[in-house]
Amino acid sequence: MTEQENQSQSLYTAAEVRELDRVAIEDYGIPGITLMRRAGRACFDRLLESWPGIRELTLFCGGGNNAGDGYVIAGLAAQRGLKVQVIWLRSPDKLQGDALRAYRWAMQFELSLQRFSDGTLAEGEVVVDALLGTGLTGPVRDDFRSAIECINASGKGVLAVDVPSGLDADTGGVLGACVRADVTVTFIGCKQGLMTHFGPEMTGQLLFEDLAVPAEVYTHVQPSACRLQLATQLGHLPRRNRNAHKGQHGHLLVMGGDHGMAGAVSMASEAAARVGAGLVTVVTRPEHVAPLIARRPEVMVHGVDSRQQLEPLMDRFTCIVVGPGLGRSAWSAQMLQLILATDLPLVVDADALNLIAAREPMNRQDWIMTPHPGEAARLLGCQTMEIQHDRYQAVVDLQGKYGGMVLLKGAGTLLRDPAETSLCPYGNPGMAVAGMGDVLSGVIGGLLAQGLSLSQAAKLGVCLHSRAADLIAAERGERGILATDLMPELRRLVNSQEITPGHTEESGQRPHLHSWSTHQ
């Protein structure tokens, strides 16, 4: 992995990127105008790659360094012979510092400049958004809002400089109005808000440019989070010995399936088996036993009506998934109470989370909690909109309150252990269907049963789950994906390793990964 590829996996807040910028300029002697020129060049090169053959370009420029980047792009485009239209919202004469230098340089070329007003039309085939940078903290002002609406209504391709204007670079929230870009080129450090909440929708294709900043600069600032890579996470799967037997690969209990909700435990248990759990047992309502066995005879199924019927079974399991289809009945509460009394590693999902939210808060280090934003809000005693307002803070708060490993679902799923925050860069809107969470809990439980740590199982599990959905969407489209469609892809992905000959689990060595790269 190159240094730029390595840096593209690190995520930063806007303040952290500004500190990287300061270190590069003040401590490593790179002039700010040099970084601005590199940023403009990177954007222009990416623009030509995305829209080859373009002849006319429109740029919307604001009043800060983001506008300076825009003027560099304008000058490069004019040099190339493109017809360039610059629409400004802050008078170029009032620019300062490097932005003013960039404007004066661009003005030596033939540019068409005009002030933005209602009725302004973007004449170019592609629009460049250089209105607002990472410094925006409050709602977009009226004139910028109008310009953003103009860009979005233009019907043209849109390239955003650093961040789409109006997007909170830290949280991925929309600050009143936001440019919907097709391509976003971000600089120095990848901003964490581009990857979650509204970020992926507004950013489009995200491209990272480090602007040739020395690697040493990055040692001065700790990233706020990191992006996961499936290829790296697959390295946690151990090779299986040639004389392996099922008992060596764990025995997972999937607990749930109250009246009418057998499908949830069916999907979770099959997903666990498909990623390699040696044994999977479902404990559910008695009436669900026959249909579950008929659907997946490889899974053992026990029907229980009471806690007393479950207790004799508990000494045979490696770990537990609790919650899929669990419900909130007296039976559900009994089952959860017994499971919480064990010292087995847990994956806690769905109604188990809702039941826990109604209890006195408990903190344990041996569970993985997998809430969606609504469940997270109940666990923290707040509104769902508060969770979404700052997902990064929410996942930190959840882990701090409940311990263990927390996985906050949604666009840009976030994971938090005591040491760091991670983000899953895979997934698509086709996953917004019933049963996806049940499959995810089963995948994580199946990995946990095979001996992966809480962190390893959660990180690999979410990457496998989302990547499997991406492969299906790429082949057959996003609309109409079913949760059970993931099963064949999950199996294929967990077998995509290439193990070094002679490797054994006892050696302590990690498998050698196949060289294929994942689609970002």
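The values are calculated or read from the model by the stated rules, or taken from the named source; none is laboratory data. Keep in mind that this is a model prediction, so the values were computed, not measured. Counting neighbours? That spans all protein chains shown, and the Cβs are built from the backbone with ideal geometry, glycine included. The accessibility values were calculated without ligands, DNA or RNA, using every heavy atom of the protein model including side chains. Shrake-Rupley method; radii C 1.70, N 1.55, O 1.52, S 1.80 Å.
Annotations
- Region 5-56 - residue that is farther than 30 Å from residue 82 by Cβ and outside any helix (DSSP H, G or I) and, of those, most open to solvent (accessible area, probe 1.4 Å): 28
- Filter pass, residue 412 being in a loop (DSSP other than H, G, I, E, B), crowded, with 24+ Cβ neighbours inside 10 Å and touching a residue at least 60 places away in the same chain (Cβ under 8 Å): yes
- Pick from region 461-486, criterion in a helix (DSSP H, G or I) and of a type in the set (Lys, Arg), ranking: least open to solvent (accessible area, probe 1.4 Å): 467
- Identification of strands (runs of 3 or more DSSP E) wholly contained in region 101-195 with 3 or more residues that are under 30 Å from residue 25 (Cα atoms) and within 27 Å of the chain's Cα centre (by Cα) yields 126-130, 157-161, 183-187.
- Of all the residues in region 419-434, those that are assigned to a loop (DSSP other than H, G, I, E, B), in contact (Cβ under 8 Å) with a residue 40 or more places away in the chain and open to solvent by 10 Å² or more (accessible area, probe 1.4 Å) number 7.
- Complete set of residues in region 64-78 that are closer than 15 Å to residue 106 by Cβ and open to solvent by 30 Å² or more (accessible area, probe 1.4 Å): 65
- Within region 121-132, the set of residues being crowded, with 24+ Cβ neighbours inside 10 Å and modelled with pLDDT under 95 is empty.
- Boolean, residue 345 is out of contact with any Pro (no Cβ under 8 Å at 6 or more places or on another chain) and open to solvent by 30 Å² or more (accessible area, probe 1.4 Å): yes
- Of the residues making up region 79-104, those that are out of contact with any helix residue (DSSP H, G or I) (no Cβ under 6 Å at 6 or more places or on another chain) and open to solvent by 50 Å² or more (accessible area, probe 1.4 Å) are 79, 80, 81, 83, 90, 93, 94, 96, 104.
- Selection within region 359-396 - open to solvent by less than 20 Å² (accessible area, probe 1.4 Å), hydrophobic (A, V, I, L, M, F, W, C) and touching a residue at least 12 places away in the same chain (Cβ under 8 Å): 367, 368, 369, 376, 379, 387, 394, 395
- Tally, over region 260-299, of residues that are in a helix (DSSP H, G or I), closer than 22 Å to residue 447 by Cβ and of a type in the set (Asp, Glu): 1
- Positions within region 300-339 being open to solvent by 30 Å² or more (accessible area, probe 1.4 Å), assigned to a helix (DSSP H, G or I) and free of Cβ contacts under 8 Å to residues at least 40 places away in the same chain, in sequence order: 307, 308, 309, 311, 312, 315, 330, 333, 334, 337
- Region 299-326, residues that are of a type in the set (A, V, I, L, M) and under 19 Å from residue 274 (Cα atoms): 299, 300, 301, 320, 321, 322
- Any chance residue 73 is in contact with a helix residue (DSSP H, G or I) (Cβ under 7 Å, 6 or more places away or on another chain) and either closer than 21 Å to residue 156 by Cβ or aromatic (Phe, Trp, Tyr) (or both): yes
- Once region 201-258 is narrowed to residues that are more than 25 Å from the chain's Cα centre (by Cα) and among the charged types (D, E, K, R), the residue that is least open to solvent (accessible area, probe 1.4 Å) is 258.
- Residue 356 without any contact (Cβ under 8 Å) to a residue 60 or more places away in the chain, of a type in the set (A, V, I, L, M, F, W, C), in contact with a Leu (Cβ under 8 Å, 6 or more places away or on another chain) and part of a helix (DSSP H, G or I): yes
- Residue within region 446-460 that is part of a helix (DSSP H, G or I), surrounded by fewer than 17 Cβ atoms within 10 Å (Cβ to Cβ) and at pLDDT 95 or above present: no
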